[in-house]
Amino acid sequence: MLSQVDNDILTRVGADLPMGRLLRQYWIPFLLASDLPEPNSDPLRVRLLGEDLIAFRDTTGRIGLLANHCPHRGASLFFGRNEEAGLRCVYHGWKFDVDGTCLDMPNEPPESDFKDKVRVLAYPCVERAGVIWTYMGSVKPLPALPDLEWALVPDDQRYLSLRVQECNWVQSLEGAIDASHSNFLHSALKKKDAPPALFGEMTQGAVYRDRDPHPHFETLTHAHGVLVAARRDAEPDTYYWRINQFLMPFYTVFPPTGGDPPCSGHMWVPIDDNNTLVWHFTYHPRRPLSEPELHAMRYGRNGQDAFHAALDRFRAPLARAYGGLHPDRARSNDYLLDRQLQRTRQFFGVVGGWAQDAAVQESMGAIYARWQEHLGSSDVGIIAVRRYLIDAAREFVEGHAAPPGAADPHGYCARPAALLLGRDASWADAAKDALKGHPGESLVVV
Ligand code: FES
Ligand SMILES: [Fe+2]
């Protein structure tokens, strides 16, 4: 349970609020590079941390992210003309470059210097690993991008997908560190209907996972986030440990359940207090993703799009930021819940693992009133991550501490782990090396 005050600190992302100020100290992934494929691409609406913005790629290939409202009289720059090295507002023709400098003010007298006094808010952008990132903070020079392992591997070793989830970003993130829900929400009623491993054959570890619905949880905080370890009984002298990583401020990775598999995780980017841009990433640290793997991620397998939402199951685009990223299963249609499927085969009759997550997380309300909850022993990971985020925000705004991890990109090169250990072994010691990223080397997964 959290107090109302802490719940507000945790969830709200406005620029003048503690968490909003903290989040602005980190690079934010906000578009695929292919969304702005070439210099004359159409400008795009973006909304991040409650701010309406317009992204464009200028004629020289540079990417700009400007305030939506033109500083003259507020028309949206979304309608702008992408002209020589700048975006020109269609209302009176003011033109801005990617840095926010006003290049031209054609409705003012030529001798006027007014254009030198007006700027539009602009955030710096960089491309890495097929993703466009922006930095909305004030630290100069700009911090380095985080060395997330998925972003360090060649392009053919990764797949990324996006969708909008209509609830707060922390509520979404909490689902990724709550490792006991998969025994219920994502399970089948009969063994023969059990969802297959995302990739490859199920490991022995997955068998241990599936037969023990009440793991014992332990956590470990560190300079970049929190390790959340779930322990299950394996053999009489061993435990099966699955270790998820939370990395500041919104990254999560979880261990796979197949042999030599790709690794997957999420980035939970706040669009505003009530909506989340959910990134799903899958990468193999050593080899290109295969065609069958890519096909399963793009279109699902056996009628189920387990982790990535199927590309051909999105609704018609809406005229708003991320308006093309609303999947077909949504609150407005009860996620196409199939009660017959729920009676006969699946624990929950919504099709698609991500959709099952979205349904329950959105059903909690846009921002869940955490002072009404009743946390049990399976929630210690959630408690640790919340506490970490709240403390980081408080200490940052009070001037006591820097944003955890923001100045140390190398600490982001991390992995999840799944290990079989003797009953008296320390998971934190035993997993130390397995939890470090090693681009070029396979994950070790039991
Ligand atoms: S409102 Fe943009 S130029 Fe006037
Ligand atoms: Fe889930």
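The number of residues in region 344-390 that are of a type in the set (G, A, S), open to solvent by 30 Å² or more (accessible area, probe 1.4 Å) and within 16 Å of ligand 2 (Cβ to nearest atom) comes to 2.
Within region 182-197, not a single residue is open to solvent by less than 10 Å² (accessible area, probe 1.4 Å), out of contact with any Pro (no Cβ under 9 Å at 6 or more places or on another chain) and closer than 17 Å to P255 by Cα.
Within region 391-446, the residues that satisfy the criterion of being assigned to a loop (DSSP other than H, G, I, E, B) and β-branched (V, I, T) are V444, V446.
Would you pick out the residues in region 206-241 that are part of a strand (DSSP E or B), of a type in the set (K, R) and open to solvent by 20 Å² or more (accessible area, probe 1.4 Å)?
Within region 206-241, the subset part of a strand (DSSP E or B) is 216-222, 225-233, 238-241.
Checking which are of a type in the set (K, R) leaves us with 231-232.
Scanning region 206-241 gives a single hit, R231.
For region 36-53, the count of residues that are open to solvent by less than 10 Å² (accessible area, probe 1.4 Å), closer than 30 Å to P403 by Cα and either over 18 Å from the mean Cα position of the chain (by Cα) or at pLDDT below 95 (or both) is at least one.
Return a yes/no flag: does region 76-99 have any residue that is in a strand (DSSP E or B), open to solvent by 70 Å² or more (accessible area, probe 1.4 Å) and closer than 27 Å to P37 by Cα. For region 76-99, residues in a strand (DSSP E or B), open to solvent by 70 Å² or more (accessible area, probe 1.4 Å) and closer than 27 Å to P37 by Cα: present.
From A355, A310, A321, which residue is among the small types (G, A, S) and in a helix (DSSP H, G or I)?
None of the other options fit; the residue is A355.
With respect to being of a type in the set (D, E, K, R) and under 16 Å from L160 (Cα atoms), E293 fits the description. Taking every residue in region 55-83 that is of a type in the set (D, E) and more than 9 Å from ligand 1 (Cβ to nearest atom) and pairing it with any residue that is modelled with pLDDT of 95 or more and open to solvent by less than 20 Å² (accessible area, probe 1.4 Å), at least 6 positions away or on another chain, the pairs with Cβ-Cβ distances below 6 Å are D58/V98. Of the strands (runs of 3 or more DSSP E) lying entirely inside region 242-302, those carrying at least 1 residues that are acidic (D, E) are 263-272.
The values are calculated or read from the model by the stated rules, or taken from the named source; none is laboratory data. Everything numeric in this text was worked out from a predicted model, so none of it was measured. Every residue, glycine among them, receives a Cβ derived from its backbone with ideal geometry; neighbour counts consider all protein chains shown. Ligands, DNA and RNA are stripped out before the accessible areas are found, and what is left, the full protein with its side chains, is counted by its heavy atoms. Shrake-Rupley method; radii C 1.70, N 1.55, O 1.52, S 1.80 Å.
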